[in-house]
Amino acid sequence: MKATCWYGKHDVRVEEVPDPKILNARDAILRITSTAICGSDLHLYNGFVPGMMEGDILGHEFMGEVVEVGSEVKNLKVGDRVVNPFPISCGQCFFCQETLFSLCENSNPNAALAEKMWGHSPAGLFGYTHLLGGYAGGQAEYARVPFADVGPIKIPEGIPDEQVLFLSDVLPTGYMAAENCNIRPGDTIAVWGCGPVGQFAIVSAYLLGASRVIAIDRFPERLQMAREHGFAETLNYESVDVRESLLEMTGGRGPDAVIDAVGMEAHAPGMLGAYDKVKQAVRLESDRPIALRQAIMSCRNGGTVSVPGVYGGLLDKVPFGSIMNRALTVKTGQTHVQRYLGPLLDRIQNGELDPSFIITHQMPLEEAAAGYDMFLKKANDCVKVVLKPGEQQRKRSTSEAGVVLH
Ligand SMILES: [Zn+2]
Ligand SMILES: [Zn+2]
């Protein structure tokens, strides 16, 4: 089959690799129909995540058709159409029983590596470093899904891929980020980063009762999306002082909760930004927590800091004194996707949510390298790239142009 393979910094290649096989009785094999490139894939693409090996198959946001099931998978049958959650979870351990699926203690065969770095290991993830299991990802024609009796959710006929694909990660991730804000009616929520997770955090904050959402970014097209689809007020951090503006907009008090949907590779203007870039480059700091610092310092006293943005290791100059003295609550974690699949599919089916608005580009799987490059540079106003296995063959027959803009 064809698969998107990692070869190092800014080097991904679509190659022929062996087809995946059923290895365990609870596995299933999916034929992928749609798969997306995630902002967190860019951390791999930029070489900031340890534990990657040449040839690793990328991708943790994917859906498709079941083509084979192991003997213990009773809930799925060949031909079912499913969306797959990015954490791999057994469904039976202490954490899975508590619905803390991204902390499953049975799915990371390399737990010892993760324990060295983080003290304990979280769940294994698809296509996301050997530190988290080294599982082959889904930016490919086929994928093996372990614990297929727990993870994938069946999609009823009639709903297009574009509306449900993001159940695999960014939609529940944005939703959990908003849920972690413990929103009460009347609350004001500020969201750093208007990429896919930020956009869904904005929409979810309103669904959960927020009165106002203020979104922060520097790309005009992303801010526009936040205004038009999310009904957020927006701040461009290159033209205003974000903390001062937020105080002004909230009667001097600050937002009730803040969401850092940026993570470890925050754009770094100014002195502190230069400091982070240098420290990260020489590996004295693994992450650039610029958005996180600003979010903490902007949050009102006693408020909540929700962090869906991905961080890898050690952060510098994080104002923990501000968190302690001002009684802030910090909530974070890889998303417990399985917990949200059903409720969010219901919201999509009853028309409350249509996540397809974030898609700016669809392209054949074979063009994945160009997709990564475009997404990294945010060229052509790129917000979200969906890769379509099998599309190149269809395109050849209809001789369409390379990139289809929605
Ligand atoms: Zn993702
Ligand atoms: Zn488990």
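The values are calculated or read from the model by the stated rules, or taken from the named source; none is laboratory data. All values reported here derive from a predicted model rather than from experimental measurement. Here the Cβ is made from the backbone with ideal geometry for all residues, glycine too, and neighbour counts use every protein chain on show. Calculation scope for accessible area: heavy atoms of the full protein, side chains included, ligands and nucleic acids excluded. Shrake-Rupley method; radii C 1.70, N 1.55, O 1.52, S 1.80 Å.
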- prompt: Can you tell me which of Arg227, Arg293 is more than 23 Å from Tyr206 (Cα to Cα) and either of a type in the set (Lys, Arg) or without any contact (Cβ under 8 Å) to a residue 60 or more places away in the chain (or both)?
  reply: Arg293
- prompt: Name the strands (runs of 3 or more DSSP E) wholly within region 1-65 that hold at least 1 residues that are within 15 Å of ligand 1 (Cβ to nearest atom) and in contact (Cβ under 8 Å) with a residue 24 or more places away in the chain?
  reply: 2-8, 28-37
query: Quick one: Ala261 ticks every box in (1) open to solvent by 10 Å² or more (accessible area, probe 1.4 Å); (2) of a type in the set (Gly, Ala, Ser); (3) at positive phi bar one, so which box is it?
result: (3)
message: Return the pair list, or none, for Cβ contacts closer than 6 Å from residues in region 269-282 that are surrounded by 10 or more Cβ atoms within 10 Å (Cβ to Cβ) to residues that are modelled with pLDDT under 75, at least 6 apart or on different chains.
response: Asp276/Ala268; Lys277/Ala268; Lys279/Glu285
message: For region 3-42: of the residues being closer than 17 Å to Ala369 by Cβ and among the hydroxyl-bearing types (Ser, Thr, Tyr), which is surrounded by the fewest Cβ atoms within 10 Å (Cβ to Cβ)?
response: Tyr7
- line: By residue number, the members of region 59-117 that are within 16 Å of ligand 2 (Cβ to nearest atom), touching a Lys or Arg at 6+ places or on another chain (Cβ under 7 Å) and over 24 Å from Leu344 (Cβ atoms) are Glu72
- request: Just give me the residues in region 20-79 being aliphatic (A, V, I, L, M) and closer than 23 Å to Gln163 by Cβ, in sequence order.
  value: Ala28, Leu30, Ile32, Ala36, Ile37, Met63, Val66, Val67, Leu76
task: Scan region 247-262 and give yes if some residue there is in a loop (DSSP other than H, G, I, E, B), of a type in the set (S, T, N, Q) and more than 21 Å from His43 (Cα to Cα), otherwise no.
output: yes
task: Give the residues of region 87-140 that are under 30 Å from Ala369 (Cα atoms), part of a loop (DSSP other than H, G, I, E, B) and open to solvent by 10 Å² or more (accessible area, probe 1.4 Å), sorted by residue number.
output: Asn108, Pro109, Asn110, Pro122, Tyr128, Gly133, Gly134, Ala136
query: Which residue, of Gly138, Gly124, is within 16 Å of ligand 1 (Cβ to nearest atom) and more than 28 Å from Thr360 (Cα to Cα)?
result: Gly124
- prompt: If you check Gly371, Gly342, which single one turns out to be out of contact with any Lys or Arg (no Cβ under 8 Å at 6 or more places or on another chain), open to solvent by 10 Å² or more (accessible area, probe 1.4 Å) and not in a strand (DSSP E or B)?
  reply: Gly342
task: Return only the number of the condition from (1) open to solvent by 90 Å² or more (accessible area, probe 1.4 Å); (2) at pLDDT 95 or above; (3) on the phi < 0 side of the Ramachandran plot that Leu235 does not satisfy.
output: (1)
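Here's the yes/no breakdown for (1) open to solvent by 30 Å² or more (accessible area, probe 1.4 Å); (2) under 20 Å from Gly119 (Cβ atoms):
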position: Pro308; (1), (2): no, no
position: Tyr311; (1), (2): yes, yes
position: Phe320; (1), (2): yes, yes
position: Gly333; (1), (2): yes, yes
position: Asn350; (1), (2): yes, no
position: Asp354; (1), (2): yes, no
position: His361; (1), (2): no, no
